[in-house]
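Below is one structure; the comments refer to it alone.
The values are calculated or read from the model by the stated rules, or taken from the named source; none is laboratory data. Because the structure is predicted, anything quoted here is derived from the model rather than measured. Positions of Cβ are generated from backbone atoms using ideal geometry, with glycine treated the same way; all protein chains shown enter the neighbour counts. Note: areas computed on protein heavy atoms with side chains; ligands, DNA, RNA excluded. Shrake-Rupley method; radii C 1.70, N 1.55, O 1.52, S 1.80 Å.
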Amino acid sequence: DTAVSQTPKYLVTQMGNDKSIKCEQNLGHDTMYWYKQDSKKFLKIMFSYNNKELIINETVPNRFSPKSPDKAHLNLHINSLELGDSAVYFCASSQSVPDTQYFGPGTRLTVL
Amino acid sequence: DAKTTQPPSMDCAEGRAANLPCNHSTISGNEYVYWYRQIHSQGPQYIIHGLKNNETNEMASLIITEDRKSSTLILPHATLRDTAVYYCIVRVEPGGGADGLTFGKGTHLIIQP
């Protein structure tokens, strides 16, 4: 069974479109995350979320918004896509204690 | 979280021990040392973590110096599948907050056949 899964694996879209990436974890964890890995391979936290709080990296544009329908899912919505949004997006999850993070396989987003 | 310094790349022969160093001279008393790796085109994978004692699990060993200013990740018998970027991360104790991991540039370990 896949612990952390993401869909789609690849996403190609036009500038200005709105898209979503889905993430699901079956580990029973209470915290989920979204990371962005750019073309230079730098991996940066975008959001972390549990049932108590949403922590947003201040550098993330407000076009990006996480939405959690339940504890096992944290979807990433992106409005008005820009060329610079092209990257690989990773979802992760952890239990508060211990907080070892488990990552999904990534979604490669290409904005044309 | 304290900053870490790692060599950008290292080579190791298959079957030998791979020793990956990490400097974290500004580490605080409540900060742990974590190691993750990222194999090409995959998500990062947790390896091991520790506070001050040496740790060992099925993947690797972690040696932390007595002053805690540096550490070494040891892969005892490296295989080709261990080729990856290895990240040393220092962060507050588990459960200290729901913040994310701060990844540096890591060490690109290449296992040579």
*Among B:SER25, B:SER61, B:SER70, which one shows the biggest mean-square fluctuation in a GNM of chain B, springs joining Cα atoms closer than 10 Å?*
B:SER25
*Once A and B are treated as a pair rather than alone, how much accessible area drops out, both sides summed, in Å² to 100, probe 1.4 Å?*
1600 Å²
*Separation of segment B:1-73 and segment A:1-66 by C-alpha centroid, Å?*
26 Å
_Cysteines in the protein assembly as shown lacking a second Cys C-beta under 4.7 Å_ = B:CYS12
*Against the globular-protein guess of 2.2 N^0.38 Å, express the Cα radius of gyration of segment B:38-113 as a ratio, rounded to two decimals.*
1.17
*Would you look at the GNM of chain A, springs on alpha carbons closer than 10 Å, and say which of A:PHE64, A:PHE42, A:PHE90 moves the most?*
A:PHE42
*Remind me, relative contact order of segment B:36-88 in percent, using alpha carbon pairs under 8 angstrom and six or more residues apart?*
34 percent
*Where does the charge balance sit around B:MET59 when Lys and Arg score +1, Asp and Glu -1, over other residues with C-beta under 10 Å from its C-beta?*
-1
_Rel. contact order, % - alpha carbon contacts under 8 angstrom, at least six apart, segment A:54-102_ = 21 percent
*How large is the charge dipole for segment B:12-113, taken about the Cα centre, if only the Cβ atoms of Lys, Arg (+1) and Asp, Glu (-1) carry charge, to the nearest 20 debye?*
200 debye
*Applying the Karplus parametrisation 6.51 cos²θ - 1.76 cosθ + 1.60 with θ = phi - 60° to the phi angles of segment A:11-25, what ³J(HN,Hα) value in whole Hz is obtained for each residue in order, glycine and proline being reported as x?*
9, 10, 8, 8, 3, x, 6, 10, 9, 10, 10, 9, 9, 9, 10
*Divide the volume of the convex hull of the Cα atoms of the protein assembly as shown by its number of residues and quote the answer in cubic angstrom per residue.*
125 Å³
*Considering Cα pairs under 8 angstrom that are at least six residues apart, work out the relative contact order of chain B and quote it in whole percent.*
37 percent
_Percent of Cα pairs exceeding the 22 Å cut-off, where the set is segment A:1-107_ = 25 percent
_Among B:VAL90, B:HIS108, B:THR79, whose Cα projects farthest towards the positive end of the dipole of chain B, with charges put on the beta-carbon of Lys, Arg (+1) and Asp, Glu (-1)?_
B:HIS108
*Candidate aspartates and glutamates for bridging to A:LYS9, where Cα separation is under 15 Å - those fewer than 8 sequence places away on the same chain excluded*: A:GLU24
*Evaluate the charge dipole of chain A about its Cα centre and quote only its size in Debye, nearest 20, assuming +1 on the Cβ of each Lys and Arg and -1 on the Cβ of each Asp and Glu.*
280 debye
*Cα-centre dipole for the protein assembly as shown with unit charges at Cβ (Lys and Arg positive, Asp and Glu negative), debye to 20*: 480 debye
